[in-house]
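J.: What follows is a single structure, and I will ask about it in a moment.
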Amino acid sequence: MDNLQTLIGKPYPLGATVGPDGVNFAVFSRNGTKVILDLFRDQNDMEPYAVIELDEKKNRTGDIWHVFVPGLKAGALYIYQVDGPFEPSEGHRFNVKQYLFDPCADAITNTSVFHNIPPTYRAVLDKTDLELCESKKDFPFPKCVVIDHSNFDWEGDRPLNLPMSRCIIYEVHTKGFTAGKESCVANPGTYDGFIQKIPYLKDLGITSVELLPIHEFDEYENTNENPRTGERMKNYWGYSTISFYAPKASYAADRSPGGCVNEFKRLVKEMHRAGLEVILDVVFNHTAEGNEHGVTLNFRGFDNSIYYDLVYNHKEYYMNFSGCGNTVNTNHPVVLNYIINCLRHWVLDYHIDGFRFDLASILNRREDGTVMKVSPLVEAITDDPILHKTKMIAEPWDAGGSYQLGEFPGTRWGEWNDRFRDDIRKFWRGDEHVSTGAATRFAGSSDLFGFRKPWVGINYVTCHDGFTMNDLVSYNGKHNEENGEDNRDGTDSNWSYNHGYEGPTLNPHIEKMRNKQVRNYILTLMISQGTPMMLGGDEFRRGQQGNNNAYCQDNDISWFDWGILKINRRILTFTKRAIEMRKKHSVFRRENFFRGSRDGVMDIQWYDTDGSNPDWNKLSRFLAFTLSGRDCLNDDGKPDNDFYIAANSDRADVMVTLPTILDESKKWYRVADTSIEDDDAIVPEGKPEQLPSQNHYVIPANSLIMLMAK
């Protein structure tokens, strides 16, 4: 081994920092008694070429261990080992035999972790079994990569910071977007492949792309088998983070150590060049280390009692509000600072525009598990001076029973609105007496967000977790048999309808009904107050064979089949026009909630089929309302048009009496009718069709119409 010269180094910043003369390493461990830094020449090396044992008296400041290695450069490979007490009952699980990732590592080499870990390397409960732990030399453990972020040319790029009220979010899996059939890109399933599809996203019209987790995780942690093929299932979605600072190496076409960093930066830069934001799905609620039977990878080995919520008086066990084995101790000052610095890292070093926080209610839990109305972490994120213009979106619940929809702290946070999903699904399925709930969702969910702004609600009909829109109209129940859990996983509350046949069919009548229902969902999403989020692929009916929990399907079930786009071109055209209409007309993206009458003009007015005020106690399967554009200025500075919108979710056609337009110089023009099968289900922008009758309109069964006063 090389005998390297080292200097004391500095305790800040944490991680590996490249300087002009070498690299500074700094890592936190309060209860550790010895920290060892191992350096490697190659990612497949079994043994380090240098082992640097940090001196507790010289290389420790407070709880930070640090050392400077002169002459070391970007691209260097390293791992830590930490010694200390192995006392699970006290929350300590130190084991100097185990290799540990730097919690602040900027990249990890492209080598599977779980696929190679022997069973005896996993964490154990008593000291006798600990002695059976395999040597660190028994498999090629992945390495941390030293990265110099100053060597990337951003060409003046900065985060876009689009107003949330103008955003249309597109949720998509980075790999699955281009890994499937007929993607027609070089390097499918990679950041580079994604870059080649940016023109498609630009043409679609969305403004912001929300990527499922791209923080380093290990797809081989799932040990289930597909009962049909016998193949081992994967962790496809990635909600099991190993390293929060590092982009996933296997998503890069460049598989060299650290190659993922610049490739992902190029993706962000090219997205911004096209005017598209990048939002990251982040999973700070738990980690890949699991519970007391899990694996030690980084946090557990550096200071288990600090990083995790442990059961009081039984600290060998983990609180599990995530449903994934452990819960991060997010409001401990050390962990809070770690999360804040991590978010800053993605904004400063990667120009990320926003974050969606998985199971965000955990961010509001104390160490004892109780839920706070206002937590130090959420307050810190909300008011951080570097993050203050960065979008923050909460999934406002967790797996431990906390449900904070409409009550998530932090006034500038958006919230995933699952009430919109459920109420709109029930209405369009034709359930009885759900019109009131659907009306509230059309109007922006003021019952939930009334003390804030309409854009706070992130409206969605489908997302990664559940049915795709195609499957929502094609299946009555979930079909998760190939997940290897006997179809027990995934929700049974889907509010779906197959329209007469379970799954794919060539029956033209059923397909006609399904296409119309997809149009209903898409148009409802785009004209409702709030921030719309669509699931990637819904714009051309991408399906998952009825699987509503495809977290483990890293295959054609989850990947985009771009050949379907050719079959469902009209759905794509419809989606584009619906998006264009929302962007053109500010009346659908109000900055404030409806207030009622001003100078005798209602900003929103509700109607029954005969044009009278509806009896909400009796109204069923029908909604109609007008929107006044008088107080909504479009981009040209002029007031928007007035609109009449009517939705008939019944099985029979209905004739409606149209409201009288106060301005006699204007007429009603058709903008959209989802019962129409050709491209003119939504007419092209600027080409509305004047109605031959200004008094009545027949709305076919299961259809949505939009009329414009012009």
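J.: In region 266-287, what residues are part of a helix (DSSP H, G or I) and aliphatic (A, V, I, L, M)?
T.: First pass over region 266-287, keeping only residues part of a helix (DSSP H, G or I): 266-273.
Once the filter is applied, which keeps residues that are part of a helix (DSSP H, G or I) and aliphatic (A, V, I, L, M), region 266-287 yields LEU267, VAL268, MET271.
J.: Let me ask something additional. Inspect all residues belonging to region 489-503 and state whether any of them is without any contact (Cβ under 8 Å) to a residue 12 or more places away in the chain and of a type in the set (S, T, N, Q).
T.: No, because not a single residue in region 489-503 is without any contact (Cβ under 8 Å) to a residue 12 or more places away in the chain and of a type in the set (S, T, N, Q).
J.: Can you tell me which residue within region 432-458, out of those that are of a type in the set (Ser, Thr, Tyr) and open to solvent by 10 Å² or more (accessible area, probe 1.4 Å), is nearest to GLU407 (Cα to Cα)? Quick ask: steps written out before the conclusion?
T.: Here is the first cut: in region 432-458, the residues of a type in the set (Ser, Thr, Tyr) are 435-436, 440, 445-446.
With the extra rule that they be open to solvent by 10 Å² or more (accessible area, probe 1.4 Å), the set shrinks to 436, 440, 446.
Values: THR436: 22, THR440: 17, SER446: 12 Å.
If we take residues in region 432-458 being of a type in the set (Ser, Thr, Tyr) and open to solvent by 10 Å² or more (accessible area, probe 1.4 Å), then SER446 is nearest to GLU407 (Cα to Cα).
J.: It is to be established whether one or more residues within region 598-606 are in contact with a helix residue (DSSP H, G or I) (Cβ under 8 Å, 6 or more places away or on another chain) and either at pLDDT 95 or above or more than 22 Å from LEU707 (Cα to Cα) (or both).
T.: If we filter region 598-606 for residues that are in contact with a helix residue (DSSP H, G or I) (Cβ under 8 Å, 6 or more places away or on another chain), which is where we start, we get 606.
Those left that are additionally either at pLDDT 95 or above or more than 22 Å from LEU707 (Cα to Cα) (or both): 606.
Yes, the conditions are met somewhere in region 598-606.
J.: Could we say that VAL113 is closer than 24 Å to ALA249 by Cα, β-branched (Val, Ile, Thr) and part of a loop (DSSP other than H, G, I, E, B) here?
T.: Values: closer than 24 Å to ALA249 by Cα: yes; β-branched (Val, Ile, Thr): yes; part of a loop (DSSP other than H, G, I, E, B): yes.
When the stated conditions are applied, VAL113 passes them.
J.: Quickly run through region 81-119 and pick out the residues that are of a type in the set (Asp, Glu) and open to solvent by less than 40 Å² (accessible area, probe 1.4 Å).
T.: Taking region 81-119 and keeping what is of a type in the set (Asp, Glu), we get 83, 87, 90, 102, 106.
Answer for region 81-119, where residues must be of a type in the set (Asp, Glu) and open to solvent by less than 40 Å² (accessible area, probe 1.4 Å): ASP102, ASP106.
J.: Anything in region 576-600 that is of a type outside the set (Gly, Ala, Ser) and in contact with a Gly (Cβ under 8 Å, 6 or more places away or on another chain)? List them, or say none.
T.: Keep residues of region 576-600 that are of a type outside the set (Gly, Ala, Ser), which gives 576-577, 579-585, 587-595, 598-599.
Correct list: LYS576, ILE579, GLU580, LYS583, HIS585, VAL587, ARG590, PHE593, PHE594.
J.: Farther than 22 Å from ASP148 by Cβ, of a type in the set (D, E, K, R) and in contact with a Lys or Arg (Cβ under 7 Å, 6 or more places away or on another chain): is that true of ASP281 in this structure?
T.: When the stated conditions are applied, ASP281 passes them.
J.: With the requirement that a residue be part of a helix (DSSP H, G or I) and free of Cβ contacts under 8 Å to residues at least 40 places away in the same chain, what does region 551-564 give you?
T.: Narrowing region 551-564 to residues part of a helix (DSSP H, G or I): 551-552, 563-564.
Result: ILE564, single match.
J.: Here is a follow-up. Residue by residue through region 29-45, note down the ones that are touching a Ser or Thr at 6+ places or on another chain (Cβ under 7 Å) and either free of Cβ contacts under 8 Å to residues at least 12 places away in the same chain or open to solvent by 10 Å² or more (accessible area, probe 1.4 Å) (or both).
T.: Result: ASN31, GLN43.
J.: For region 60-95, give me each residue that is assigned to a loop (DSSP other than H, G, I, E, B) and either in contact with a helix residue (DSSP H, G or I) (Cβ under 9 Å, 6 or more places away or on another chain) or at positive phi (or both).
T.: Narrowing region 60-95 to residues assigned to a loop (DSSP other than H, G, I, E, B): 62-63, 71-76, 84-85, 91, 94-95.
Within region 60-95, GLY62, ASP63, GLY71, ALA74, GLY75, GLY84, GLY91, PHE94, ASN95 qualify.
J.: Output the residue which, of all residues in region 459-479 that are assigned to a helix (DSSP H, G or I) and of a type outside the set (A, V, I, L, M, F, W, C), is most open to solvent (accessible area, probe 1.4 Å).
T.: Looking only at region 459-479, we keep the residues that are assigned to a helix (DSSP H, G or I), and these are 469-472.
Remaining after also requiring of a type outside the set (A, V, I, L, M, F, W, C): 470-471.
Details: ASN470: 25, ASP471: 1 Å².
It comes out as ASN470.
J.: For region 485-515, name all the residues that are open to solvent by less than 30 Å² (accessible area, probe 1.4 Å) and over 24 Å from the mean Cα position of the chain (by Cα).
T.: Within region 485-515, ASN498, HIS499, GLY503, ILE510, ARG514 qualify.
J.: Hey, another quick one. Consider region 170-216. How many of its residues are under 15 Å from the mean Cα position of the chain (by Cα) and of a type in the set (Phe, Trp, Tyr)?
T.: Total satisfying the criteria: 2.
J.: How many residues are outside any loop (DSSP other than H, G, I, E, B) and either over 21 Å from the mean Cα position of the chain (by Cα) or among the charged types (D, E, K, R) (or both) if we restrict to region 390-407? Lay out the reasoning, then the answer.
T.: Narrowing region 390-407 to residues outside any loop (DSSP other than H, G, I, E, B): 391-394, 397, 403.
From the residues that got through so far, the ones that are either over 21 Å from the mean Cα position of the chain (by Cα) or among the charged types (D, E, K, R) (or both) too are 391.
Number of matching residues: 1.
J.: Would you confirm, using the coordinates I've provided, whether PRO48 is touching a Leu at 6+ places or on another chain (Cβ under 6 Å) and either assigned to a loop (DSSP other than H, G, I, E, B) or not aliphatic (A, V, I, L, M) (or both)?
T.: Yes; evaluated as a whole, the condition is true for this residue.
J.: Now a separate question. Please list, ordered by first then second residue, the pairs with beta carbon atoms under 6 Å, 6 or more apart or interchain, first in region 161-177 and in contact (Cβ under 8 Å) with a residue 40 or more places away in the chain and at negative phi, second open to solvent by 20 Å² or more (accessible area, probe 1.4 Å) and assigned to a helix (DSSP H, G or I).
T.: MET164/TRP455; SER165/TRP455
J.: Looking at GLN545, GLN529 in this structure, which one is more than 19 Å from the chain's Cα centre (by Cα), of a type in the set (S, T, N, Q) and on the phi > 0 side of the Ramachandran plot?
T.: On the way: GLN529 fails: on the phi > 0 side of the Ramachandran plot.
Exactly one residue qualifies, and that residue is GLN545.
J.: Can I ask one more? Of everything in region 196-223, what is β-branched (Val, Ile, Thr), buried (at least 22 other Cβ atoms within 10 Å of the Cβ) and not in a loop (DSSP other than H, G, I, E, B)? Give them in sequence order.
T.: If the condition is that a residue be β-branched (Val, Ile, Thr), buried (at least 22 other Cβ atoms within 10 Å of the Cβ) and not in a loop (DSSP other than H, G, I, E, B), then VAL209 is the only one that fits.
J.: Still on this model: Hey, any hits in region 221-237 for a residue that's free of Cβ contacts under 8 Å to residues at least 40 places away in the same chain and in contact with a Lys or Arg (Cβ under 8 Å, 6 or more places away or on another chain)?
T.: Yes, some residue in region 221-237 is free of Cβ contacts under 8 Å to residues at least 40 places away in the same chain and in contact with a Lys or Arg (Cβ under 8 Å, 6 or more places away or on another chain).
Rundown of residues vs (1) open to solvent by 20 Å² or more (accessible area, probe 1.4 Å); (2) modelled with pLDDT under 95; (3) not charged (D, E, K, R), yes/no style:
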residue: ASN617; (1), (2), (3): yes, yes, yes
residue: SER620; (1), (2), (3): yes, yes, yes
residue: ASP640; (1), (2), (3): no, no, no
residue: THR657; (1), (2), (3): yes, no, yes
residue: LEU662; (1), (2), (3): yes, yes, yes
residue: SER665; (1), (2), (3): yes, yes, yes
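J.: OK, next. Does THR390 satisfy the criteria of being of a type in the set (Val, Ile, Thr), more than 30 Å from ARG651 (Cβ to Cβ) and surrounded by 19 or more Cβ atoms within 10 Å (Cβ to Cβ)? Give the derivation first.
T.: Working: of a type in the set (Val, Ile, Thr): yes; more than 30 Å from ARG651 (Cβ to Cβ): yes; surrounded by 19 or more Cβ atoms within 10 Å (Cβ to Cβ): yes.
Yes; evaluated as a whole, the condition is true for this residue.
J.: Let me ask something additional. Is there a residue being in contact with a helix residue (DSSP H, G or I) (Cβ under 8 Å, 6 or more places away or on another chain) and among the basic types (Lys, Arg) anywhere in region 166-173?
T.: Yes; the residues of region 166-173 include at least one that is in contact with a helix residue (DSSP H, G or I) (Cβ under 8 Å, 6 or more places away or on another chain) and among the basic types (Lys, Arg).
J.: For region 393-431, give me the residue count where each residue is open to solvent by 50 Å² or more (accessible area, probe 1.4 Å) and at positive phi.
T.: Qualifying residue count for the region: 1.
J.: If you don't mind, there's one more thing I want to ask. Determine, yes or no, whether ASP631 is in contact with a Pro (Cβ under 9 Å, 6 or more places away or on another chain), more than 14 Å from ILE527 (Cα to Cα) and among the charged types (D, E, K, R). Full working, then the answer.
T.: Numbers: in contact with a Pro (Cβ under 9 Å, 6 or more places away or on another chain): yes; more than 14 Å from ILE527 (Cα to Cα): yes; among the charged types (D, E, K, R): yes.
Yes, satisfied.
J.: Go through LEU297, LEU280, LEU343 for me and flag whichever is within 25 Å of ASN110 (Cα to Cα), modelled with pLDDT under 95 and open to solvent by less than 10 Å² (accessible area, probe 1.4 Å). Don't jump to the end; show me each part of the working.
T.: On the way: LEU280 fails: modelled with pLDDT under 95; LEU343 fails: modelled with pLDDT under 95.
Step by step, each of LEU297, LEU280, LEU343 is checked, and only LEU297 is within 25 Å of ASN110 (Cα to Cα), modelled with pLDDT under 95 and open to solvent by less than 10 Å² (accessible area, probe 1.4 Å).
J.: Still on this structure, I have one more. State the number of residues belonging to region 389-415 that are under 16 Å from PHE355 (Cβ atoms) and modelled with pLDDT of 95 or more.
T.: 12
The values are calculated or read from the model by the stated rules, or taken from the named source; none is laboratory data. From a predicted model like this one, the values you see are computed outputs, not experimental measurements. Counting neighbours? That spans all protein chains shown, and the Cβs are built from the backbone with ideal geometry, glycine included. Areas reflect the complete protein model, heavy atoms only, side chains present, ligands, DNA and RNA absent. Shrake-Rupley method; radii C 1.70, N 1.55, O 1.52, S 1.80 Å.
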